[in-house]
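Here the structure comes first, spelled out in structure tokens, and everything after it is commentary.
The values are calculated or read from the model by the stated rules, or taken from the named source; none is laboratory data. Keep in mind it's a predicted model, so treat the numbers as computed, not measured. Here the Cβ is made from the backbone with ideal geometry for all residues, glycine too, and neighbour counts use every protein chain on show.
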Amino acid sequence: FCKQNFFSSVDSSTESAEAACDILSQLVNCSLKTLGLISTARPSFMEVPKSHFISALTVVFVNSKSLSSLKIDDTPVDDPSLKVLVANNSDTLKLLKMSSCPHVSPAGILCVADQCHGLRELALNYHLLSDELLLALSSEKHVHLEHLRIDVVSENPGQHFHTIKKSSWDAMVRHSPKFNLVMYFFLYEDEFGPFFNEEIPVTHLYFGRSVSKEVLGRVGLHCPRLVELVVCANGLRPLDEELIRIAKHCTQLSAIGLGECEVSCSAFVEFVKMCGRRLSQLSIMEEVLIPDHKYSLDEIHWEVSKHLGRVWFPDMMPTW
């Protein structure tokens with residue numbers, strides 16, 4: 001049979017992943033344009049013998065010749081198989097989403113960026129990001145990148161993370177001034193040392209674990225292109241100064257969400273006033289807001305609504 005699109009979502013069983021590999025091995029006469037391999041639960045593909053998986057994937061890479069979209073998360077794909085991908089699909093590949101693939105090195109990703117000049121969207125783990133990769137994506141031969149997603153994930157407390165040079169980010173912005181840089185952080189608080197010390201062109205920033213006041217203060221100073229900010233938790237130290245700094249320096253911010261944090265009502269009103277009606281999304285739990293001498297919780301929604309130009313209420317925790 002012949003298809004242009006192939007998606008396989010498998011559960012945690014090895015049998016399910018092996019069955020998906022068997023199907024891939026049969027796609028000899030297919031010219032696939034889209035391939036997606038997703039595990040709904042680990043370990044699945046990672047439990048399949050690496051040689052079996054790579055053999056099946058190579059069949060697709062060699063025979064497709066026109067692959068434009070590749071999404072492979074939690075798989076044993078490796079650098080040699082990516083070279084096969086590039087050798088056969090360098091002129092057509094536009095999207096590559098590859099997270100949690102431990103057998104791929106920065107050199108493997110760099111090979112893709114060096115040869116696939118039409119690549120417009122790229123998603124990968126931070127350990128695969130390098131100055132060389134950003135410079136390759138910024139070369140004259142490369143099209144303008146539209147979307148770069150980076151997952152910064154800590155597997156163990158105290159894990160070391162490398163630093164990306166400001167000059168490499170600057171090259172990306174010069175080459176692709178409208179690209180979206182989306183970063184998801186799942187770090188422990190003591191692991192943020194290498195981040196936000198210099199200007200970074202992040203547009204969408206998500207903190208999935210608790211993040212300190214100090215780090216959020218650096219975000220306010222060094223993320224001028226920020227459009228969306230989501231903070232899962234901060235602890236019990238009010239973020240008044242940090243929010244005001246973000247409103248002052250992040251002049252494109254239009255969406256913000258705060259979870260387990262604390263902000264005084266006065267500082268929150270000032271933040272909204274500074275951002276104004278460009279705040280199209282404002283998701284704040286009622287528990288985040290701390291009443292003070294100027295505003296109570298009953299009064300704040302009127303003041304915020306006035307500056308937003310629409311009716312606004314803080315989010316409520318469900319009672320069930």
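In the set 189, 228, 241, 262, only one residue is surrounded by 19 or more Cβ atoms within 10 Å (Cβ to Cβ) and of a type in the set (Asp, Glu); that residue is 228. Taken together, the criteria exclude residue 282 from residues that are under 20 Å from residue 170 (Cα atoms), in a strand (DSSP E or B) and touching a residue at least 24 places away in the same chain (Cβ under 8 Å). Is there a residue in region 291-310 that is out of contact with any Ser or Thr (no Cβ under 9 Å at 6 or more places or on another chain), under 27 Å from residue 184 (Cα atoms) and of a type in the set (A, V, I, L, M)? No: zero hits. Is it the case that residue 60 is in contact with a strand residue (DSSP E or B) (Cβ under 9 Å, 6 or more places away or on another chain), outside any loop (DSSP other than H, G, I, E, B), crowded, with 18+ Cβ neighbours inside 10 Å and assigned by TED's automatic domain parsing to the domain that holds residue 186? Against the criterion (in contact with a strand residue (DSSP E or B) (Cβ under 9 Å, 6 or more places away or on another chain), outside any loop (DSSP other than H, G, I, E, B), crowded, with 18+ Cβ neighbours inside 10 Å and assigned by TED's automatic domain parsing to the domain that holds residue 186), residue 60 does not qualify.
Suppose we filter region 142-161 for residues that are assigned to a loop (DSSP other than H, G, I, E, B) and either at pLDDT 95 or above or of a type in the set (Val, Ile, Thr) (or both); how many remain? Qualifying residue count for the region: 5. Scan region 22-30 and tell me whether some residue there is closer than 26 Å to residue 176 by Cα, assigned to a helix (DSSP H, G or I) and either modelled with pLDDT under 85 or touching an Asp or Glu at 6+ places or on another chain (Cβ under 8 Å) (or both). Checked against the condition, which is being closer than 26 Å to residue 176 by Cα, assigned to a helix (DSSP H, G or I) and either modelled with pLDDT under 85 or touching an Asp or Glu at 6+ places or on another chain (Cβ under 8 Å) (or both), region 22-30 yields no hits at all. When 241, 270 are screened for being closer than 12 Å to residue 213 by Cβ, at pLDDT 95 or above and assigned by TED's automatic domain parsing to the domain that holds residue 209, only 241 passes. Considering only residues in region 280-319 that are among the aliphatic types (A, V, I, L, M) and loosely packed, with under 15 Cβ neighbours inside 10 Å, the one that is farthest from residue 267 (Cα to Cα) turns out to be 317. Residue 181 passes all but one of (1) in contact with a Phe, Trp or Tyr (Cβ under 8 Å, 6 or more places away or on another chain); (2) crowded, with 17+ Cβ neighbours inside 10 Å; which number fails? So the condition that residue 181 fails would be (1). The single condition among (1) in a loop (DSSP other than H, G, I, E, B); (2) closer than 22 Å to residue 225 by Cβ that residue 133 does not satisfy is (1).
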